[in-house]
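Right, one structure below, let's go through it.
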């Protein structure tokens, strides 16, 4: 019963607190009463505290939790799953922030996010990769990608499409704010990145190029490269403002800041998908501020069971080198 996480034999459904919000002290990164402090790179959780409930418990005792959240900036209400590695509760890191990966699914992207499924082993792999020196010990935020079911080609490209729910704001502002409210995070963009596959890979790629002052890297597996939601009809200007091809050109013209784009694609995926990714890398990769790497997965297919093991073969290590991690206090 514990294995299948059926209450009362498991902790499923129980409330959980990952950290305690504290009042800011001098400089905004310490406690006002001096009881809790942080190093200068770290932002302590600001609150309000989210009412998380345990959905899964992993073998190492860590928890994947879920809450329904209303974004202050977007006004959208949706589910978000979170996970903190074991190191987060290690006293050695009590004063240090952790980097955040915002993990976005493909497929319907509502009312679920498959990255929270322990059978995919994303969370346990991050822990293993950290122990192997390949990865930072990332916090994971796993929000829904779409505001409704993906039926009849109804998807939203992780964007603020006129007349539609503001899913770009949800992902780029509300989810980072949620993580800052509940966890010790890093102040600079060096602690913020996306991970996604298929349409979630597109959204992560687009948001890094759109907001390079907020996010430094993305690991995109089998992503779309251009926005093609049917809801863009009648809004060609806004569609181009959310086009990675246009955003990449603009970033190069501005001269930065530098972004790091790790791509993966399986050799058994759609040839059009492979060609589009290879074309993007050939056109924009290592041009000025845009740095890219491409992992072609032998016999790989368009699914997360292909992508997770392949991340450990180079891509997660490549983006981890570009990002900050927690610093032990002793």
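Can you put 246, 66 in order of Cβ neighbours within 10 angstrom, beginning with the fewest?
Arranged by neighbour count, lowest to highest, 246, 66 become 246, 66.
When the gyration tensor of the range 56-320 is built from Cα positions, what are the square roots of 5 times its three eigenvalues, in whole Å, from largest to smallest?
26, 21, 19
At q = 0.11, 0.15 Å⁻¹, work out log10 I(q)/I(0) for the range 172-330 with the Debye formula, treating every Cα as an identical point scatterer and leaving solvent out; two decimals please.
The computed values of log10 I(q)/I(0) come out as -0.44, -0.81.
Springs between alpha-carbon atoms under 10 Å, Gaussian network over the chain: tell me which of 166, 216, 287 tops the mean-square fluctuations.
Maximum fluctuation in the GNM of the chain, among the listed residues, is at 287.
In the Gaussian network model of the chain, springs joining C-alpha atoms below 10 Å, which of 18, 183, 280 carries the largest mean-square fluctuation?
Judging by the Gaussian network model, the answer is 280.
Need one number: % antiparallel among DSSP beta bridges in the range 56-320, to the nearest 5.
Taking every DSSP beta bridge with both residues in the range 56-320, the antiparallel ones total about 35 percent.
Express the Stokes-Einstein translational diffusion coefficient of the range 139-258 in µm² s⁻¹, to the nearest whole number, given a Kirkwood radius over alpha-carbon pairs, 20 °C and a viscosity of 1.002 mPa s.
Using the Kirkwood radius from Cα pairs, D works out to 145 µm²/s.
Where does helix 244-254 land angle-wise versus the long Cα axis of the chain, in degrees 0 to 90, nearest 10?
Its long axis makes an angle of about 80 degrees.
Once the Cα gyration tensor of the range 53-126 is diagonalised, what are the square roots of 5 times its eigenvalues, in whole Å and ordered largest first, as equivalent ellipsoid semi-axes?
For the range 53-126, the semi-axes come out at 23, 17, 11 Å.
Can you tell me the relative contact order of the range 56-320? Whole percent, Cα pairs under 8 Å, sequence separation 6 or more.
17 percent
Pick from 155, 114, 305: which is most flexible by mean-square fluctuation in a GNM of the chain where alpha carbon atoms under 10 Å apart are linked?
Looking only at 155, 114, 305, the largest GNM fluctuation is found for 305.
How would you rank 200-207, 232-239, 185-192, highest first, on the average number of other Cβ atoms within 10 Å across their residues?
Result, highest mean first: 200-207, 185-192, 232-239.
Computed on alpha carbon atoms, what radius of gyration and Dmax characterise the range 205-293, expressed in Å?
According to the Cα coordinates of the range 205-293, Rg and Dmax are 13.0, 37 Å.
Using only Cα atoms, find the angle between the long axis of helix 199-210 and the longest principal axis of the chain, and express it within 0 to 90 degrees, rounded to the nearest 10.
Rounded to the nearest ten degrees, it is 90.
Only helical DSSP H runs with n ≥ 4 go in: add -39500 (n - 2.57) per run for the chain, normalise by residue count and round the 222 nm mean residue ellipticity to 500 deg cm²/dmol.
After summing the helix terms and dividing by the residues of the chain, the value is -6500 deg cm²/dmol.
State, to one decimal in nm, how far the label point of residue 253 lies from the label point of residue 58, with both points 7 Å from Cα in the Cβ direction.
4.3 nm
At a threshold of 8 angstrom on Cα-Cα distance, excluding pairs fewer than six apart, so keeping six or more, what relative contact order does the range 184-279 reach in percent?
Here the relative contact order equals 29 percent.
Coordinate-derived values only; no laboratory data. Keep in mind it's a predicted model, so treat the numbers as computed, not measured. Quick reminder, even Gly has a Cβ in these numbers, built from the backbone with ideal geometry, and neighbours come from all protein chains shown.
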